[in-house]
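Quick notes on the structure that follows.
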Amino acid sequence: MEQLIKTFEPEFHKNYLLYVLNKKLPSSQNSMDTNRSVLMYFALSGLDILGEIENLPKERKRSIIKWIYSLQIVNKEELVSGFQGSPTLNTRTNKTGNTSYKWSHVANTYACLSSLLILGDDLSRVNKQAILESLETLQLPDGSFKGAKEGVENDMRFVYCAACICYILDDWSAINIERMIEFILNSISYDGGIGQGPELESHCGSTFCAIASLALSNNLDRLTKAQFVALRRWLLFRFDRGFNGRPNKPVDTCYSFWTGGALKILDSYDFIHDQFNAQFVLLTQDRYGGFSKWVNIVPDPMHTCLGLAGLSLMEFDGLEEMNYELMLTKRTFEHLRRVQEKMK
Amino acid sequence: MSDYSSDENDDYVLYKNRPEWSDITPLAQDDNEEPIVAIDYTENFKDCYDYFRAIVQKKEISERALELTQTAANLNPANYTVWQYRRDILKGLDKDLHEELEFVEKIILKQSKNYQVWHHRKVLVEWLKDPSKEKYLTEHVLSKDAKNYHAWQHRQWVIKTFKLYDGELDYVDLLLKDDIRNNSAWNQRYFVINNTTGFTEEVLRQEIEYTLSRIREITENESAWNYLRGLLLHDKAGLSNNTTVKAFVEELYESNNRSPFLLAIIVDMCLEQVGAGGGDSNYSAKRAVELCKDLMEKFDTVRANYWQHMLDSIGSESGEGTSGN
């Protein structure tokens, strides 16, 4: 049996996240190729929570920002503006032009905007109007959002991405908020939790996305008292000396943020005894850095970021405080406020 | 993820060495001078995607393009552009979509938590208007992981779109016999009833009987308790007026069972009665206070602060017991 780490090792995690950001991931990660901007977001966000963004060399920050902007698409004809997940389709000749299938994806637009903010960019090169025009076309009649122009599913994850984009760009005019709320309310299950869509099983990932979207659009009060009470109860019962994502499922590091964050938004986090949660999350640290979903398995950037975010909710020493709804640190949130002032 | 890419195949020929591709100039990815979260692509990956970049721009609809997307999808099944382009080729060439169902099935069975492959499957089923293989496929996936969210989502979509509710409750029963704690199966039970008979008085009576006997088997099973609460949402009399449920919880309590789910539902029954003016003196504010104390001190200590909060609000409101938000 491997030796388990029980104390928090921020230095290990910093090194792990810097490795993800700066070195080459092994080819076993080929299937992450279309989602590199999301991996980047997890790495940067994790470093931000660790308070390490200021320690990134200035030139490196600049080159990351340049890389992110190289993924931006402005295509007002096809209405596919936003950010790509990676340069998979980009070649030397077409890099700046629009070609077939070069479409943005709402998760990548969200991840790229968040990453730019973490790095201190002022979003001045973001084509806000083009992004919003395209976002409008992604909302479906049921109020949900599909991920991209064609060929991608629709669910609560993309509702959240859309809400974050509108919040960050400080403009909700492109989307139908009423319909979005309707979709969220229709996805509340008989047990009080919220699924990826109507009638689907309640899940803490989708519940976080739903609650955060309501909060970001200033619509938390659209939950009735009965809905609020049942949802809070359901979330609180996800705690089993660590958080799980669904009833009778094992606890998993990422839910220390998804469930914990949802409880924070509902101002109910203090109702659980989080010392046990800290113990569980710490046990999922890898001895070479990073967090994994369960004890003794391979770490990954998502669980590392969410593990750190989960520890931040517990006010761990040395970790930046979070803005729960946006899943960004308060430091970055303050920066966003200043950027928004300038945008006006 | 690479375990079924073509990398291990000795006979594999790179696209740059295939005569049928000699007219195409491969296009390398432009990853900027300083790539971020770079991936150490294998030679096969780079080679395949260099040709992919070259023909996707031209929107070439051909047999060779179809073959290329198969390799590209195998190398990275999460690349939604590859799947979208492949669908356009399938349509353009008027291909046999049943063969395609088999192709994507193989990938689904290996990568059953990949969004893109399930989406591809869904589109094919929509095009074919043939859902005949979907129940079998999802059952296969669920036999390995009975709580796979993608499989359930696909199954619900197929059942709802093509009205395939027949036999579904039997399947749910089978899964619950195997694992009475399977929350996905409980959710499916609710889904089926809600979309077929609805929760009529008769159905409600039967479902309550069924659920109570499942709770009797394992009283700490949150899924079953949640389902019971879901059923009672359809009882016009509310949570605290169903005589069968009341008799059940009282009997369980008398037998010294102290499952937090049992105590919690009695607390809620008390609060409902108190809020409604206290028709049933057995469900009083005083009893709720005592149960909250028991929960915080003995039976659900990890949520002690919550039960304390509930207790406090009973005192202050002597009503709904919640502060809302």
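Nothing in this text is a laboratory measurement; each read-out follows from the coordinates by a stated rule. Everything quoted here is computed from the prediction, not taken from an experiment. Glycine also receives a Cβ, built like all others from the backbone with ideal geometry; neighbour counts cover every protein chain displayed.
Cross-link check: pairs A:128/A:149; B:110/B:133; A:225/B:246; B:113/B:135; B:122/B:160; A:14/B:46 evaluated at a Cα-Cα cut-off of 20 Å; pairs beyond the cut-off: A:225/B:246; A:14/B:46. Considering chain A as a Gaussian network with a 10 Å cut-off on Cα pairs, which listed residue, A:317, A:240, A:122, attains the greatest mean-square fluctuation? In the Gaussian network model the winner is A:317.
For the stretch B:1-95, what does the alpha-carbon gyration tensor say about shape, rounded, prolate or oblate, given a ≥ b ≥ c as the root eigenvalues, a/c under 1.5 as rounded, and a/b over b/c as prolate? Kindly include the intermediate steps, with their values, before the conclusion.
Numbers: a/c = 1.41, a/b = 1.31, b/c = 1.08.
The shape class here is rounded.
Using all pairs of distinct alpha-carbon atoms, the Kirkwood hydrodynamic radius of the stretch B:96-212 works out to 15.1 angstrom.
The Stokes-Einstein estimate for the stretch B:241-325, based on a Kirkwood radius over Cα pairs and taken at 10 °C with 1.306 mPa s viscosity, is a diffusion coefficient of 124 µm²/s.
Is there a simple number for the mean count of other chain Cβ atoms within 10 Å of the Cβ of residues in A:86-96, and what is it?
Values: counts 8, 6, 11, 10, 7, 9, 4, 3, 4, 3, 0.
Mean shielding by partner chains, rounded to a whole number: 6.
May I ask you to order A:26-32, A:111-117, B:28-34 by the average number of other C-beta atoms within 10 Å around their residues, highest value first? Working shown, then result.
Details: A:26-32: 19.0, A:111-117: 25.4, B:28-34: 15.1.
Ranked from most to least packed, the peptides come out as A:111-117, A:26-32, B:28-34.
As a proxy for reagent exposure, A:207, B:138 were ordered by neighbouring Cβ count within 10 angstrom, fewest first; the result is B:138, A:207.
What's the Kirkwood radius of the stretch A:120-204 in Å, using all Cα pairs?
On the way: mean 1/r = 0.0735 Å⁻¹.
By the Kirkwood definition, the hydrodynamic radius is 13.6 Å.
Across all directions, the average flat footprint of the convex hull enclosing the Cα atoms of the protein assembly as shown is 30.3 nm². For chain A, what percent of Cα pairs sit more than 25 Å apart? Summing the P(r) tail past 25 Å for chain A gives 51 percent.
Taking label positions 7 Å along the Cα-Cβ direction at both residue B:195 and residue A:225, the computed distance is 3.5 nm, reported to one decimal. Taking the Cα centre of the stretch B:241-325 as reference, the dipole from Cβ charges on Lys and Arg (+1) and Asp and Glu (-1) amounts to some 140 debye. Note on the stretch A:197-344: Rg/Rh from C-alpha atoms, Kirkwood Rh, equals 0.99. In the elastic network of chain A, a GNM with C-alpha springs shorter than 10 Å, the most mobile of A:90, A:35, A:75 is A:90. The slack between residue B:178 and residue B:301, meaning 0.36 nm per residue of separation minus the straight C-alpha distance, is 41.2 nm.
The tail of the calculated P(r) for chain B, taken as Cα-Cα distances beyond 38 Å, holds 42 percent of the pairs.
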